[in-house]
Amino acid sequence: MADRPVHLAARLGEIQPFRVMEILGKARAMEAAGRPVIHMEIGEPDFPTPDAIVRAGIEALEQGHTHYTPALGLPELRQVIADHYPAGARPDASRVVVTPGGSGALQLILAALVNPGDEVLIADPGYPCHRHFVRLFEGRAVAVPVDAASGFQLSAKSIREHWTPRTVAALVVSPSNPTGTVIEDEELRAIVETVRELGGRLIVDEIYHGLTYGGNVRSVLTHADDVFVLNSFSKYFGMTGWRLGWLVAPKEYVDGIERLAQNIFIAAATPAQYAALHAFDADVIAELDRRRDIFRERRDYLVPALRDLGFRVPVVPGGAFYIYADCSRFGRDSETLAREILEQTAIALTPGNDFGSFESGRYLRVSYATDLDSLREAVARLQSWPGREST
Ligand SMILES: Cc1ncc(COP(=O)(O)O)c(C=O)c1O
């Protein structure tokens, strides 16, 4: 049979794989060969889903909750999600939409906002799927370079500077992936006002909320109800594999988002939604807050340890489980360094170029979603790693 031409959509050319997959592939091969790897490239909590949530999921299955739910989600789950916001930030449950992960929420928001050629401002470095989702909807993600001086975050000033007549939205992530940095509450308020004045919409990715270590980290809903917020059960709640998240939309968008949800995925997974009804139970939250304190302890150990090893950590991360470490002192770009460190010390790290192009060769994302003993072992290995000396 003659070779058939492969027809590929142009957008595929602009959707890159996660570069860390190459590191992960090598790490798996090393493990298969009997060499244990310390995984500090991971983007999900190492803790299992809390027991009460798991049991509720099993019960849902046993009780036959295996059919579709309404497209916007189980009404009682939308209510529980709305109620978990503190007074002053609490949305009406009619504005809460349950989605397949924060990823599903992002797709709905961008599908509702972006026309071909429309621009969306995002931070570089930033979570790569954001720019890829904008591309998916034929928009243009405008990567705004951010550095330590702005806490690796967009600001009201940089948003204003990069706004053009084609810009429809700015997307901020606080705490951020890959930097763990947080937008201060006052700055967040200024961003809300600036985007409003410029006539666009603000999207705030709050997926790492709950995993914050001090400071005044409040939902943007404290400041506004004309913004889009996305969140998820993946990170703080430890439910990555359940694929469940939510968004809060301005009320005039809910009808359009409902039509999109009906068509794109019909509804989020039903057993996961029943399980999540218990995610906000007092004993579950107490357990999750204990885990948050463990993450903080790991951060407090790792930031000074990395600095002692010669990495520069210009901003102490206020949340998530990532440290964005400047490795320029070692004289190689971060991708080469990540490969060398893996081969020579069996520690897996993510190079900065997974998150954008601005100064990405200087940075490694170090995840502390692994236990403290492993982190101590990693630091010990790096202390005796010969590559450290070749600066
Ligand atoms: C900033 C950010 N947003 C959204 C997501 C999507 O997560 P999920 O679809 O599991 O909720 C992630 C996952 O790593 C993330 O880091």
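Data for the structure
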item: Simple label model, 7 Å out from Cα along Cβ direction - VAL6 to ASP283, nm; result: 5.3
item: Cα-based helix-to-principal-axis angle, 20-32 vs the chain, degrees rounded to 10; result: 60
item: In degrees, nearest ten, helix 372-383 long axis to first principal axis of the chain (Cα); result: 40
item: Among beta bridges that DSSP assigns inside the chain, antiparallel share in %, nearest 5; result: 45
item: Leading residue at positive end of dipole, the chain (Cβ point charges), from PHE47, LEU121, ILE294; result: LEU121
item: Region 264-391 shape via C-alpha gyration tensor axes, a/c threshold 1.5; result: prolate
item: Local electrostatic count at HIS130 - Lys and Arg +1, Asp and Glu -1, tallied over other residues with Cβ under 14 Å; result: -3
item: ³J(HN,Hα) computed for each position of region 290-297 - Karplus, 6.51 cos²θ - 1.76 cosθ + 1.60, integer Hz, glycine/proline x; result: 5, 5, 4, 5, 5, 4, 5, 4
item: Gained length - LEU61 relative to GLU14, 0.36 nm times residue gap less alpha-carbon distance; result: 13.0 nm
item: Assigned charges on the beta-carbon of Lys, Arg, Asp, Glu; the chain dipole about Cα centre (debye); result: 660
item: Cα long-axis angle, helix 75-84 against the chain (0 to 90 degrees, to the nearest 10); result: 60
item: Those GluC sites (Glu not before Pro) in region 346-391 that DSSP places in a loop and that have at most 14 other beta carbons within 10 Å; result: GLU389
item: Cβ charges +1 (Lys, Arg) and -1 (Asp, Glu), total dipole of region 55-130, debye; result: 140
item: For GLY139, distant residues with modelled amide H under 5 Å away; result: GLY117
item: Sum of -39500 (n - 2.57) over DSSP H runs of 4+, divided by residues of the chain (222 nm, nearest 500); result: -12000 deg cm²/dmol
item: Unit charges on C-beta of K, R, D, E only; dipole of region 168-317, Debye; result: 520
item: Principal axis box of the chain, alpha-carbon based, largest edge first, Å; result: 65, 59, 52
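Values in this text are rule-based calculations from the coordinates and carry no lab data. A quick note: this is a predicted structure, and the numbers were derived from the prediction, not measured. Ideal geometry is used to build each Cβ from the backbone, glycine not excepted, and the neighbour counts take in all protein chains shown.
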